[in-house]
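Presented below is the structure to which this report refers.
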Amino acid sequence: QVQFVESGGGLVQPGGSLRLSCAAYVRNFNFLDMGWYRQSPGKQRELVARITSGGGTNYVDLVKGRFTISRDNAKKMVFLQMNSLKPEDTAVYYCNSVVPNSGGYSVFGSWGQGTQVTVSS
């Protein structure tokens, strides 16, 4: 069974910071590209940050310079450091493996509960 458990979300003021964590209960974690997705009401789930099995990273322009994705292979965990948060960052954030060179397709059809990030004054 594939399982992702996200945590670390919460309510934060604009300009604030949050650090999200994802525990990935998957096989061969070290070989997988991983990513953080987010979904707002009325919008499709969108990949916002990706880290390859080799440690390379990619971000959508909207979060570039503000978000940093990282991974700990020994712990099978992925992190997302979010700084300078904006109200438009409000969403439920999910993690999953990312199909290499796909533009954002997830490897697994199973998603975790996600963690809610709310940016509001």
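Identify the residue in the stretch 1-17 that is in a strand (DSSP E or B) and open to solvent by 30 Å² or more (accessible area, probe 1.4 Å) and, among all such residues, is nearest to Ala91 (Cα to Cα).
It comes out as Leu11.
Give me the strands (runs of 3 or more DSSP E) completely within the stretch 45-121, filtered to those with at least 3 residues that are in contact (Cβ under 8 Å) with a residue 60 or more places away in the chain, ordered by residue number.
Counting at least 3 such residues, we get 77-82, 91-97, 115-119.
Only one of (1) out of contact with any Gly (no Cβ under 7 Å at 6 or more places or on another chain); (2) open to solvent by less than 80 Å² (accessible area, probe 1.4 Å); (3) among the small types (Gly, Ala, Ser) is not met by Ser21, so which one is it?
With respect to (1) out of contact with any Gly (no Cβ under 7 Å at 6 or more places or on another chain); (2) open to solvent by less than 80 Å² (accessible area, probe 1.4 Å); (3) among the small types (Gly, Ala, Ser), Ser21 is out only on (1).
Give all pairs with beta carbons closer than 6 Å in which a residue from the stretch 7-36 that is under 16 Å from Ser97 (Cα atoms) meets a residue that is outside any strand (DSSP E or B) and among the basic types (Lys, Arg); count only pairs at least 6 apart in sequence or on separate chains.
Ala24/Lys76; Phe29/Lys76
Does Arg38 count as part of a loop (DSSP other than H, G, I, E, B) and closer than 25 Å to Gln1 by Cα?
no
May I ask you to verify whether Thr90 is within 17 Å of Ser120 (Cβ to Cβ), polar (S, T, N, Q) and at pLDDT 95 or above?
Against the criterion (within 17 Å of Ser120 (Cβ to Cβ), polar (S, T, N, Q) and at pLDDT 95 or above), Thr90 qualifies.
Would you mind stating whether Tyr37 is within 15 Å of Val119 (Cβ to Cβ), crowded, with 18+ Cβ neighbours inside 10 Å and either out of contact with any Cys (no Cβ under 6 Å at 6 or more places or on another chain) or not hydrophobic (A, V, I, L, M, F, W, C) (or both)?
no
Please verify whether Val92 is closer than 23 Å to Gly10 by Cα, open to solvent by less than 40 Å² (accessible area, probe 1.4 Å) and in contact with a helix residue (DSSP H, G or I) (Cβ under 9 Å, 6 or more places away or on another chain), treating the condition exactly as stated.
no
The values are calculated or read from the model by the stated rules, or taken from the named source; none is laboratory data. Here the structure is a predicted model, which means the values were calculated and not measured. Positions of Cβ are generated from backbone atoms using ideal geometry, with glycine treated the same way; all protein chains shown enter the neighbour counts. In case anyone asks, the SASA skips ligands and DNA or RNA and just uses the protein heavy atoms, side chains included. Shrake-Rupley method; radii C 1.70, N 1.55, O 1.52, S 1.80 Å.
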